[in-house]
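Here the structure is laid out as structure tokens; the discussion comes afterwards.
Read-outs throughout are calculated quantities, based only on the coordinates presented, and are distinct from any laboratory measurement. Only a predicted model underlies this, so the values are computations on that prediction, with no experimental measurement involved. Glycine gets a Cβ as well: all are built from the backbone with ideal geometry, and neighbour counts include every protein chain shown.
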Amino acid sequence: MEYILYEAAGGVGVITINRPKALNALNSQVLDELNETLDQVDLSTVRCLILTGAGEKSFVAGADIGEMSTLTKEQGEAFGKKGNDVFRKLETFPIPVIAAVNGFALGGGCEISMSCDIRLCSDNAVFGQPEVGLGITPGFGGTQRLARLVGAGMAKQLIYTARNIKAPEAYRIGLVNEVFSAEVDEAGNVTKTAQEVLLAAAKKMAATIAKNAPIAVRNCKKAINDGLDANMDDAIVIEEKLFGDCFETQDQVYGMAFFLDKNKDKVKEPFKNA
Ligand code: DAK
């Protein structure tokens, strides 16, 4: 693959969008390769994914404006569908996906981060939906996901004004879960860049998730996602079914037996699935 890097270790997979010369902008090839990478994730071993961008400057600076500039209406629709299909695949991916946002997350970049379950960012991150300044609407789900994440009023303000916001404001409005800064020693020298700190924190969180019972974690993701699209009566039924689905699994039997076992010296074993 030309634009996507993928590595997996210890139950955690890291996908890096690797097109730093164009600030990791999403062209058709990046979207196709991302789609293919997701299809290749080995779900029997990988329990949490991290999505990030190459370089210190940008997570994803949006859809590729050069490629979009000459699209006809039909081609624009097809490009939108390609992006939407991949973003939806991420959103409904069986295991959690953490976006590690290292720098610009504009337009399609903000939108792809919102298709992930959790957003962590470096303190140089910039979020925004600048589309109306380009003569288009957000086309990869921005109008829908931003409104669901930060509320309709704040989403409308950000989208209508096309104003970019920095990490502290993104944190304040609930767009990101946590912001990470560079580490410096006593002399003021940077010992770890914000991106290094961010990636380490994302990996730590992913490893924590990967240690928990995999079927239960997957079912929690599905319950939250499906429930948010339903009314409360239906949402509770969705939860009931996914809760029930955990019973008789090896993990549920072991997890509860471990809690009930009074032997203080016991050591918790990794969950096995099934
Ligand atoms: N597309 C293509 N190339 C990009 C790019 C982008 N979005 N963003 C940056 N680049 C390229 C620049 O052209 C430049 O390339 P060279 O000139 O070196 O060849 C290189 O990356 C470095 O960028 P700059 O030189 O501009 O770097 P600066 O530090 O000066 O500025 C910046 C960084 C992020 C502020 C600036 O690059 C910028 O404003 N970029 C555009 C950000 C933006 O507007 N993003 C939103 C794109 S619109 C839809 C489907 C999808 C969408 C909409 C509708 N439907 C089908 C309905 C999605 C839309 C978008 O995402």
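Odds and ends about this structure:
- For the range 33-92 versus the range 227-274, the gap between their alpha-carbon centres in whole angstrom: 32 Å
- Amide hydrogen proximity for Val126: with H placed 1.01 Å from N in the peptide plane, the residues at 5 or more positions away or on another chain lying under 5 Å are Gly103, Phe104, Ala105.
- Under 5 Å, built H, 5+ apart or other chain: amide partners of Ile4: Asn18
- Cβ crowding within 10 Å, taken as a proxy for footprinting-reagent exposure, orders Thr52, Thr45, Thr37 from fewest neighbours to most as Thr45, Thr37, Thr52.
- Ordering of 106-119, 4-17, 218-231 by packing [mean C-beta count within 10 Å, highest first]: 106-119, 4-17, 218-231
- Phi angles of the range 213-219 translate, via the Karplus equation with coefficients 6.51, -1.76, 1.60 and θ = phi - 60°, into HN-Hα couplings of 4, x, 5, 4, 4, 4, 5 Hz per residue; Gly and Pro are given as x.
- Looking at the range 142-274, the pairs of alpha carbons with a distance over 25 Å make up 55% of the total.
- Relative compactness, the range 118-210, computed as alpha-carbon Rg over 2.2 N^0.38 Å: 1.28
- Near the amide H of Val97, within less than 5 Å, lie the amide hydrogens of Leu49, Asp117, Ile118, all on another chain or at least 5 residues away, with H placed in the peptide plane.
- Axis angle, to the nearest 10 degrees, between helix 28-40 and the longest C-alpha principal axis of the chain: 10 degrees.
- On a per residue basis, the convex hull of the C-alpha atoms belonging to the range 16-162 measures out at 105 Å³.
- Estimated FRET transfer efficiency when R0 is 35 angstrom, pair Glu186-Thr208 (beta carbons, to 0.05): 0.70
- When the chymotrypsin sites (Phe, Trp or Tyr not before Pro) in the range 127-176 are filtered for DSSP coil states and for at most 16 other beta-carbon atoms within 10 Å of their beta-carbon, no site remains.
- When the chain is treated as a Gaussian network with alpha carbon springs shorter than 10 Å, the biggest mean-square fluctuation among Lys262, Lys82, Lys166 belongs to Lys262.
- Working note: 222 nm ellipticity from helices only, DSSP H runs with n ≥ 4, each -39,500 (n - 2.57), summed and divided by the residues of the chain, gives -14000 deg cm²/dmol to the nearest 500.
- Principal-axis analysis of the Cα atoms of the chain puts helix 232-244 at an angle of about 50° to the longest axis.
- Computed over the chain, the P(r) tail beyond 34 angstrom holds 23 percent of alpha carbon pairs.
- Contact order normalised by residue count of the chain, Cα under 8 Å, 6+ apart, percent: 15 percent
- Taking a quarter of the surface of the Cα convex hull of the range 167-219 gives a mean projected area of 5.1 nm².
- Degrees between helix 250-260 axis and first principal axis of the chain (Cα, 0 to 90, nearest 10): 60 degrees
- For the range 177-248, the Kirkwood estimate of hydrodynamic radius, built from reciprocal distances between every pair of different alpha carbons, is 15.1 Å.
- Listed pairs Lys21/Lys203; Lys89/Lys166; Lys211/Lys272; Lys166/Lys221; Lys211/Lys266; Lys89/Lys222 exceeding 19 Å between Cα atoms: Lys21/Lys203; Lys89/Lys166; Lys166/Lys221
- Our estimate of slack between Ile136 and Met154, defined as 0.36 nm per intervening residue step minus the Cα-Cα distance, is 4.5 nm.
- Under the criterion of Cα pairs below 8 Å and six or more residues apart, the relative contact order for the range 176-269 equals 15 percent.
- Space enclosed by the convex hull of the alpha-carbon atoms of the range 63-136, per residue, Å³: 84 Å³
- For the pair Gln40 and Gln75, the difference between a 0.36 nm per residue extended length and the Cα-Cα distance amounts to 9.9 nm.
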